[in-house]
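Here the structure comes first, spelled out in structure tokens, and everything after it is commentary.
FYI, it's all coordinate maths here, none of it is from the lab. All of these numbers come straight from a predicted model, not from anything done at the bench. Cβ placement follows ideal geometry from the backbone for every residue including glycine, while neighbour counts extend to all protein chains displayed.
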Amino acid sequence: MALKFLVVDDSVTMRRIVMNSLKQIGHENFVEAADGRDALIKLNSDDSINFIITDWNMPDVSGLELVKQVRANPKTANLPVLMVTTRGMKEDIIEALNAKVNNYIVKPFTPQVLREKIEQIISTVNV
């Protein structure tokens, strides 16, 4: 099954970096959202999204809040979520994992790390 990614980050530059990295590792299908609120709207209107890559630090609805809302909605509860953030403290990672992110990358990252994390998630989740 082809993956369709929702790339969520308030930084246009960071969204471009993530999408270019996805292209480098062979993924061409994605939509972008500028924050968690925008992401929730896109998730509600596009049933073909089956993988979320989100930042943590965003205005309005943070990445962590986005994950909590995704997990609370039966329609999206099982979507794989990869958090890509500058927040690298152990407490942050634990908080994200407790919110049920599937995996976590601390910025900066390489396309190879992105590929490994996506593959790890795919191998454990039914996408």
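Tell me, which residue of the stretch 63-86 that is farther than 15 Å from LYS100 by Cβ and either free of Cβ contacts under 8 Å to residues at least 24 places away in the same chain or of a type outside the set (Ser, Thr, Tyr) (or both) is surrounded by the fewest Cβ atoms within 10 Å (Cβ to Cβ)?
LYS75
Please find, within the stretch 1-52, the residue that is nearest to PRO108 (Cα to Cα) out of those that are charged (D, E, K, R) and touching a Ser or Thr at 6+ places or on another chain (Cβ under 9 Å).
Looking at the filtered set, the residue picked out is ASP9.
All but one of (1) among the polar types (S, T, N, Q); (2) over 21 Å from ILE118 (Cα atoms); (3) in contact with a Leu (Cβ under 8 Å, 6 or more places away or on another chain) hold for ASN50; which doesn't?
Result: ASN50 fails condition (2) only.
What pairs come out if I take residues in the stretch 47-62 that are farther than 17 Å from VAL84 by Cα and in contact (Cβ under 8 Å) with a residue 24 or more places away in the chain and pair them with residues that are assigned to a strand (DSSP E or B) and of a type outside the set (S, T, N, Q) whose C-beta lies under 8 Å away, six or more apart or interchain?
Pairs that qualify, where the first residue is farther than 17 Å from VAL84 by Cα and in contact (Cβ under 8 Å) with a residue 24 or more places away in the chain and the partner is assigned to a strand (DSSP E or B) and of a type outside the set (S, T, N, Q), are ILE49/PHE5; ILE49/LEU6; ILE49/VAL31.
Could you list all residues from the stretch 76-101 that are of a type in the set (S, T, N, Q) and assigned to a strand (DSSP E or B)?
Hit for the stretch 76-101 is THR85, nothing else.
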